[in-house]
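Read through the structure below, which is laid out as structure tokens, and then see the notes.
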Amino acid sequence: MIPTNSGSPNDIQGQESRRDWRTILYFDRRLLLLVVGLILIAGLSSMMVLPRMEDPILAKRVAIINTFLPGADAARVEALVSEKLEDVLRDIEEIKELRSSSRAGVSTVIIELLDSVKKSETVWSKVRSRIEDALPELPRQATRPQFNDLEVRAYARILSVVWNRPDAVDYSVLSRTAKRLQDQLQVMSGTESVDRFGDPGEEVLVKLDSQRAAALGLSADSVASQLAANDAKDAAGQMRGDGLDLPLEVKNQFRDISSVTETDIQTSNGRFLRLEEIAEISVATPDPAPRLGRHGKFPAVTLGVLIRPEVRIDLWANTADKVIDDFRSSLPAGITIERVMDQSTYVMARLESLFFNLTMGGLAVCVVILVLMGWRSAIVVASSLPLTVFAVLFGLRCLEIPVHQMSISGLIIALGLLIDNAIVVADEIQTELVKGLSPADAISQTVRKLMVPLLGSTLTTAFAFAPIALMPGPAGEFVGSIAISVILAIFFSLLFSMTIIAAFSAILIRIPSKNVGSKGMWEFLKTGWAPKSLATAYRRALTLVLSRPKTAIAGCAALSIVGFYLATKMPEQFFPAADRNQFHINLELATSSSILDTQRIAKRIDEVLARDSVHQIDWFFGES
């Protein structure tokens with residue numbers, strides 16, 4: 001007979017009396033639907049709001065301190081700047097490595113923190129404080145040390161403002177266009193910062209008439225010192241009153257090029273004349289330029305955009321495209337905006353591939369269950385997949401772990417583990433129903449019998465992945481979310497198998513009829529494929545192994561030893577190589593080389609790369 005939920009009032013009253021925590025979802029269908037609905041809503045809402053990115057975010061454990069000492073050679077820079085900074089930083093216990101390089105006029109100190117440091121901002125605050133303490137020991141001519149903690153995130157978008165004209169490049173126009181675009185991208189919701197590369201900057205160029213200046217007793221140094229003295233950058237004071245609080249400024253502040261040309265210069269005989277009378281003043285690009293950029297063969301200024309970690313990159317990219325398209329309509333003739341790199345395309349392609357693999361794996365699981373256990377059991381077991389995936393997404397949201405290739409990879413790894421508990425529970429409930437137990441009793445008996453074994457297997461798997469989740473340093477931050485996803489998935493799978501899946505099994509699974517002749521297609525879909533020959537062979541194998549335990553143990557040990565030995569002969573690689581249609585070249589010349597030397601070598605590299613169907617080349621000279 002096929003058990004149903006109908007019966008006399010006395011039977012129903014008897015069932016009500018046997019209710020416990022194991023069967024409450026079976027009896028209360030509205031509560032069952034409510035729980036499933038809450039899980040689906042929590043998962044779907046988490047999928048909509050979770051940040052999406054290509055790789056996990058790592059803590060900032062590397063910083064660079066740049067200090068300039070104009071006119072000093074490498075030896076003096078080392079003695080007067082680099083060693084002073086190293087001395088005050090050396091006793092910070094969180095520093096893993098401290099190294100410096102000294103070049104003519106430039107000191108660079110690189111700091112790397114220990115892998116165990118998780119809150120790097122506290123350490124960097126201590127480093128900044130030590131740098132302040134070292135300022136009195138630095139030469140007066142040295143600039144203030146520039147501290148930069150390195151971002152370990154990739155730019156969400158890299159754009160180049162390109163001078164696509166045959167005439168000589170006007171960097172003032174190119175730089176100002178890039179700055180306007182930078183301002184528009186910076187005010188976008190979700191943008192954290194916008195960095196500019198390849199911008200040589202501007203300077204006020206004063207060309208003295210050497211003959212006339214010499215006749216007036218003026219030199220370039222004296223004119224420069226008078227200009228510096230005339231450029232008052234601080235307020236002269238403050239006027240305070242009962243209803244007034246007004247800052248006072250000296251008029252001789254350089255606000256534009258005209259204020260420079262009108263500066264009064266004192267000659268050796270005490271006379272004053274305007275600077276424009278003895279010099280030619282103009283706004284020009286520094287020569288030689290400290291930094292340059294190039295997109296293909298054309299000069300360019302490049303913008304790198306970082307977005308906030310909590311922002312979905314696909315939604316941000318759609319808004320950025322609209323801003324850039326609107327900006328293009330106002331560009332001067334011959335200036336274009338070219339996309340160097342768009343991380344959103346790689347992120348979406350990677351996530352789509354991962355979600356596709358997850359879907360294909362789920363379909364494969366459903367087909368196998370359908371063939372072996374029938375369509376009812378397939379529905380029951382397959383329902384554990386979306387429930388668990390949605391619960392894991394909600395767990396990632398609570399733990400503030402974004403959706404990226406590592407967290408999704410953990411779900412794919414756990415895919416085969418998710419259905420194990422559901423299969424065991426569904427099969428055991430069907431076995432109890434065949435014995436003649438009621439659905440409520442079948443649930444209670446199954447949960448009581450399987451709770452400890454399934455909990456043990458879940459804990460074993462969790463402990464196996466725990467070292468990855470607890471791994472310190474950048475490696476743990478990068479791959480740790482794989483283990484966290486797996487651990488969340490298997491525990492949610494156990495929870496749902498003992499509750500929702502057990503209720504689904506008791507509701508949907510029916511006892512197969514005993515008087516079935518040759519199986520038709522419908523009967524095959526109901527009960528699945530269970531050949532007696534396969535069951536007989538499996539029973540004989542178990543009987544043979546159990547009858548000779550020493551031989552079986554020795555055989556298993558031998559296979560394990562052979563496996564461990566062969567594993568040592570295999571190449572070690574945690575992840576397969578990820579192909580990408582980009583690669584990065586670092587070109588570093590001797591410290592005495594000029595930027596023109598770098599450009600000449602870059603041109604030779606372009607000629608080599610042009611033979612290999614390279615689509616686009618971008619160069620950044622003077623900086624990374």
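Worth pointing out:
- For region 171-210, a residue qualifies if it is open to solvent by less than 20 Å² (accessible area, probe 1.4 Å), over 22 Å from T336 (Cα atoms) and of a type in the set (S, T, N, Q), and exactly one does: T191.
- Of the residues making up region 95-128, those that are in a loop (DSSP other than H, G, I, E, B) and open to solvent by 40 Å² or more (accessible area, probe 1.4 Å) are A104, L114, D115, S116, K118, K119.
- Qualifying residue in region 399-409 (condition: closer than 20 Å to M451 by Cα, open to solvent by less than 60 Å² (accessible area, probe 1.4 Å) and at pLDDT 85 or above): no
- Hey, L495 modelled with pLDDT of 90 or more and surrounded by 15 or more Cβ atoms within 10 Å (Cβ to Cβ) or not: yes
Okay, residues lined up against (1) touching a strand residue (DSSP E or B) at 6+ places or on another chain (Cβ under 7 Å); (2) open to solvent by 60 Å² or more (accessible area, probe 1.4 Å):
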site	(1), (2)
I313	yes, no
W316	yes, no
D321	no, no
D325	no, yes
A333	no, yes
T336	yes, no
E352	no, yes
F355	no, yes
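- M348 vs. criteria open to solvent by less than 70 Å² (accessible area, probe 1.4 Å) and at pLDDT below 80: no
- Qualifying residue in region 129-144 (condition: open to solvent by less than 30 Å² (accessible area, probe 1.4 Å), under 23 Å from V305 (Cα atoms) and not aromatic (F, W, Y)): no
- Filtered residues of region 57-94 (kept if assigned to a loop (DSSP other than H, G, I, E, B) and open to solvent by 70 Å² or more (accessible area, probe 1.4 Å)): P70, G71, D73, R90, D91, E93
- The residue pairs whose first member lies in region 447-458 and is touching a residue at least 24 places away in the same chain (Cβ under 8 Å) and more than 12 Å from I490 (Cβ to Cβ), whose second member is aliphatic (A, V, I, L, M) and assigned to a helix (DSSP H, G or I), and whose beta carbons are closer than 7 Å, counting only pairs six or more residues apart or on different chains, are V447/M498; V447/A502; L450/V424; L450/V425; M451/M498.
- Selected residue (criterion: modelled with the highest pLDDT) from residues of region 225-242 that are open to solvent by 80 Å² or more (accessible area, probe 1.4 Å) and part of a loop (DSSP other than H, G, I, E, B): D242
Listed here are the residues, each with its yes/no results for (1) in contact (Cβ under 8 Å) with a residue 40 or more places away in the chain; (2) within 25 Å of P453 (Cα to Cα); (3) aliphatic (A, V, I, L, M).
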site: S353; (1), (2), (3): no, no, no
site: L363; (1), (2), (3): no, no, yes
site: M373; (1), (2), (3): yes, yes, yes
site: D420; (1), (2), (3): yes, yes, no
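- Of all residues in region 162-169, at least one satisfies being part of a strand (DSSP E or B), in contact (Cβ under 8 Å) with a residue 12 or more places away in the chain and in contact with a strand residue (DSSP E or B) (Cβ under 7 Å, 6 or more places away or on another chain).
Conditions tested, residue by residue: (1) part of a loop (DSSP other than H, G, I, E, B); (2) over 22 Å from the mean Cα position of the chain (by Cα).
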position	(1), (2)
P288	yes, yes
V301	no, yes
G304	no, no
E310	yes, no
L315	no, no
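- Looking only at region 445-475, and only at residues there that are touching an Asp or Glu at 6+ places or on another chain (Cβ under 8 Å) and open to solvent by less than 10 Å² (accessible area, probe 1.4 Å), the one that is nearest to S407 (Cα to Cα): G473
- Test for A414: is it part of a helix (DSSP H, G or I), at pLDDT below 85 and open to solvent by less than 40 Å² (accessible area, probe 1.4 Å): yes
- Test: residue in region 170-182 that is assigned to a strand (DSSP E or B), in contact (Cβ under 8 Å) with a residue 12 or more places away in the chain, over 21 Å from T345 (Cβ atoms) and not small (G, A, S): no
- Annotation note: of V152, V161, the sole residue that is surrounded by 16 or more Cβ atoms within 10 Å (Cβ to Cβ), at pLDDT 90 or above, under 27 Å from the mean Cα position of the chain (by Cα) and of a type in the set (V, I, T) is V161.
The values are calculated or read from the model by the stated rules, or taken from the named source; none is laboratory data. Values in this document were obtained by computation on a predicted structure and should not be read as measured data. Quick reminder, even Gly has a Cβ in these numbers, built from the backbone with ideal geometry, and neighbours come from all protein chains shown. Surface accessibility is based on the protein's heavy atoms, side chains included, excluding ligands, DNA and RNA. Shrake-Rupley method; radii C 1.70, N 1.55, O 1.52, S 1.80 Å.
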